[in-house]
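Report on one structure; see the data block that follows.
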């Protein structure tokens, strides 16, 4: 991961961001790129989807990220019998006051880990949709705002796992980026085997950022410059997905907006005041993978389609 340049790292804000990233890297061994992507997603004001097998560090990443940015944290374990009210909350009648009192659910946190989200039924999955899209929930006729910043990290098991329900397209599109942590490399795995338990590392973590500073970073990211040739490149990538013969549907304009937002966040993290083509190329697979669908007759993989699109377009 590129370090923050001296020209832009003079402010306390950038220094704190860099410290938060390094702290998470010290707990999630050997996954610097995934950690950087997670922070880019957060600075861009989006939500993150992690598809992977159990035991590779998804929960550790979410917990370490929450502590490092000073966010309130809640974990929701999705199961087949989970109800929307278990996520949003319920109103309970107070006999002494003769009225109903709303008891907020775990969604009312700044960082929410939706663990194994595809084990819940579609009705329960959809309870996340309004929260992720609008920053508030509506229950019993009342609209209730969620904390700021609000960030969802959802994990899901591979779709061929028993007892899973595929996420609907409308919800997949609400995730800014998707990634897979994968198995650690041998050196990182050796550290896991010989060093102290990572939960003990967690107790040593401290907040390197505050929620207010995170809001400032999100605002600052929007001022990062994106040139006209880079916007052309983004449009060409989005357009190529709509014309690709192996894809059922291409990326929407919302995906294009999301790509630009995330590129600005990544440039900020890497200490630049402008986006470069490598930012776009680096982020495009993680932005596109969960949004694209192959035509039913195709045997190609999404990964190979994305690679072919990237290789077919000239970098500005």
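Going through the stretch 262-295 one residue at a time, which ones are in a loop (DSSP other than H, G, I, E, B) and farther than 17 Å from residue 241 by Cβ? Explain how you work it out, then say what you get.
To start, the set of residues in the stretch 262-295 that are in a loop (DSSP other than H, G, I, E, B) comprises 270-273, 275-276, 289-292, 295.
The answer is 270, 271, 272, 273, 275, 276.
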*Scan the stretch 228-248 residue by residue and report those that are touching a residue at least 60 places away in the same chain (Cβ under 8 Å) and in a helix (DSSP H, G or I).*
229, 230, 232, 233, 236, 237, 240, 241
*asked:* Scan the stretch 25-45 and tell me whether some residue there is closer than 29 Å to residue 139 by Cβ and in contact with a strand residue (DSSP E or B) (Cβ under 7 Å, 6 or more places away or on another chain).
replied: yes
*Going by the structure shown, is residue 31 touching a residue at least 12 places away in the same chain (Cβ under 8 Å), under 26 Å from residue 283 (Cα atoms), crowded, with 21+ Cβ neighbours inside 10 Å and in contact with a helix residue (DSSP H, G or I) (Cβ under 9 Å, 6 or more places away or on another chain)?*
yes
*Mind listing just one residue for me: the one in the stretch 98-137 that is in a strand (DSSP E or B) and within 20 Å of residue 58 (Cβ to Cβ) and, of those, farthest from the chain's Cα centre (by Cα)?*
115
*Leading residue by the ranking (surrounded by the most Cβ atoms within 10 Å (Cβ to Cβ)) among those in the stretch 121-156 that are over 18 Å from residue 47 (Cβ atoms) and in contact with a strand residue (DSSP E or B) (Cβ under 8 Å, 6 or more places away or on another chain)*: 139
_Which numbered condition residue 243 fails, given (1) surrounded by 12 or more Cβ atoms within 10 Å (Cβ to Cβ); (2) not assigned by TED's automatic domain parsing to the domain that holds residue 43_ = (1)
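The values are calculated or read from the model by the stated rules, or taken from the named source; none is laboratory data. All values reported here derive from a predicted model rather than from experimental measurement. Every residue, glycine as well, gets a Cβ built from its backbone with ideal geometry; the counts of neighbours run over all protein chains shown.
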